[in-house]
Amino acid sequence: MAKRRIFALSGGKMNLKFQKAQLVNALSIVMKAVSTKTSSVILESILISASDNRVVLDATDTELSIQTEVDAVIVKAGGVVLNAKLFSEIVRKFDSTESLIELDVDNDFKTTIKCEQAVFNIMGIDPVEFIPMPKIDRDAFISLSQFSLKEVIRQTEFSTAISDINRMMGGELIDVKNNVAKFVTLDGHRMSIRNIELMGEYEDQKCVVPIKSLQEVMRIIDSDTQKNVNIYFSKDHILFEFDKTLVLSRILDGEFFRIESMLSNDYDTKVNVSRLKLQNAIEQSMILIRENEHKPMILDIENGMLKLSVNSSLGFMDAKVNIEKSGSDLKIAFNPKFLVDALKVIDDDFVNIYFTNAKSPCFIRDDKNTYTYLILPVNFIV
């Protein structure tokens with residue numbers, strides 16, 4: 001995709017014709033960057049601009065900016081800024097997905113939207129008022145498949161937290177080193193790490209991206225292993241480029257946590273267990289735990305058997321899962337949701353879980369070092 005041009009049109013008519021399905025798709029992409037809590041008219045709007053045989057939609061909330069191209073017939077080039085919610089609702093209410101939508105803008109930015117026998121007239125704004133997407137250098141970057149990026153965000157997003165004390169807990173570390181991209185999130189109770197081996201030679205890079213920005217990227221990109229996304233790093237921003245779309249996010253300022261000090265290969269107990277059987281047993285136990293009731297799930301690890309128990313105000317549950325165990329017997333307790341969240345995003349049929357003692361975190365990790373999930377235990381009374 002070509003670099004974004006600086007659009008500075010102060011007047012002039014514009015006339016465009018869109019197929020409804022294509023316009024709706026483009027709007028659904030840029031609407032993810034439209035602010036819903038603002039007193040700024042511009043931040044509630046989208047920029048529609050046409051020049052050089054390209055029609056581009058832009059939106060920004062100043063933290064996140066999205067730009068995407070949409071196919072259209074350009075009768076007259078120009079630009080206009082429209083209220084995003086209003087324009088989107090109008091377009092979506094037209095009947096057929098095959099309908100042709102005409103957008104006509106006059107010199108005063110009065111905008112007429114026509115489709116079949118329906119006509120809407122709304123007021124637009126001069127595009128020079130719009131906040132342009134910041135330009136960044138594209139020297140430092142990595143490239144990976146859209147499928148890999150979508151998966152790695154899905155497999156780590158759950159262990160973030162909005163914290164007034166440390167904003168870094170609301171972000172995800174992307175650490176590129178030795179052609180491996182490491183994605184890390186943590187919330188004070190658990191940590192998720194996913195490693196992706198990159199194809200090609202890339203310089204080392206590191207930044208922390210707000211999880212909201214990554215979640216929006218995840219929702220837009222395809223689950224296609226053949227399509228790539230380029231990720232560009234700069235001092236203050238990170239840019240994702242894929243298909244005909246650009247997503248630019250501010251990065252979080254500050255140092256991420258020293259995760260190396262939290263990781264250990266030492267253990268006293270190792271359990272190999274069917275992931276699905278363990279997940280099902282834990283989910284069954286969670287039925288008895290109310291949302292505001294902080295009841296732990298106790299794991300009693302013995303040779304060949306993992307016993308799970310929950311005792312809450314709603315009742316008592318006891319379950320057993322067959323395991324392969326090496327090392328010491330152990331009794332330890334966890335928040336069951338934290339274990340389930342990790343197990344849900346692992347694709348392996350069997351998982352290895354490593355324990356040291358009842359006061360130390362457990363580690364769920366594979367032999368290939370593609371993932372590590374750290375979960376802190378909780379205190380319990382026998």
Could you work out how far helix 275-286 tilts from the main Cα principal axis of the chain, as a 0 to 90 degree angle to the nearest 10? 90 degrees
Pop a pseudo-label 7 angstrom from the Cα along the beta-carbon direction at both LYS206 and ASN311 and give the gap in nm to one decimal. 4.6 nm
Which of the lysines could be linked to LYS177 by a straight reach, that is with a Cα gap under 19 Å, when you skip same-chain ones fewer than 8 residues away? LYS206, LYS235, LYS368
Can you pull a Stokes-Einstein diffusion coefficient for the chain at 37 °C (0.692 mPa s), Rh from Kirkwood over Cα pairs, as a whole number of µm²/s? 139 µm²/s
7 Å from Cα along Cα→Cβ at both LYS235 and LYS110: what's the point-to-point distance in nm? 4.7 nm
Any chance you could check the Cα centroid distance between the range 294-369 and the range 207-252 for me, in angstrom? 35 Å
Helix 20-30 against the longest principal axis of the chain: what's the angle in degrees, Cα atoms only, rounded to the nearest 10? 60 degrees
Result for the range 141-260: accessible area per residue, probe 1.4 angstrom, in square angstrom, of 46 Å²
Rg over Rh, two decimals, the range 213-270 (C-alpha only, Kirkwood Rh): 1.17
Where Rh is the Kirkwood radius over the Cα pairs of the range 14-129, the temperature 37 °C and the viscosity 0.692 mPa s, what D in µm²/s does Stokes-Einstein return? 235 µm²/s
Which Cα, out of GLN284, LEU314, LEU299, lies furthest along the positive dipole direction of the chain (beta carbon charges, K/R +1, D/E -1)? LEU314
Scattering from the C-alpha atoms of the range 328-377 alone, worked out with Debye: what is log10 I(q)/I(0) at q = 0.19, 0.24 1/Å? -0.63, -0.96
Can you tell me what the convex hull of the Cα atoms of the range 111-170 projects to on average, as an area in nm²? 9.8 nm²
Let me know the charge dipole size of the range 14-129 about its Cα centre in debye, to the nearest 20, where only the beta-carbon of Lys, Arg (+1) and Asp, Glu (-1) is charged. 240 debye
Ignoring ligands, DNA and RNA, what percent of the 1.4 Å accessible area of the chain is carbon and sulfur? 47 percent
Could you work out Rg/(2.2 N^0.38 Å) for the range 263-375, with Rg from alpha carbons only? 1.01
If you average 1/r over all unlike Cα pairs in the range 183-342 and invert the result, what Kirkwood radius do you get in angstrom? 19.4 Å
Which whole-Hz ³J(HN,Hα) couplings does the range 264-270 yield from phi under the Karplus relation 6.51 cos²θ - 1.76 cosθ + 1.60, θ = phi - 60°, glycine and proline marked x? 8, 9, 7, 7, 10, 9, 10
Note: the range 111-231, point scatterers on Cα, Debye, no solvent; log10 I/I(0) at q = 0.11, 0.21 Å⁻¹ equals -0.53, -1.19
1.4 Å probe accessible area per residue over the range 14-129, in Å²: 46 Å²
Counting only heavy atoms of the protein chains, get the accessible area per residue of the range 263-375 (1.4 Å probe) and round it to a whole Å² value. 51 Å²
Can you give the Rg to Rh ratio for the range 161-219, taking only C-alpha atoms and Rh from Kirkwood? 1.01
Counting only residues 5 or more apart in sequence or on a different chain, those whose built amide H sits under 5 Å from that of HIS237 are ILE251
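The values are calculated or read from the model by the stated rules, or taken from the named source; none is laboratory data. In this text the structure is predicted, and so the values were computed from the model without any measurement. Counting neighbours? That spans all protein chains shown, and the Cβs are built from the backbone with ideal geometry, glycine included. To get the accessible areas, we keep the full protein, side chains included, count just its heavy atoms, and leave off ligands, DNA and RNA. Shrake-Rupley method; radii C 1.70, N 1.55, O 1.52, S 1.80 Å.
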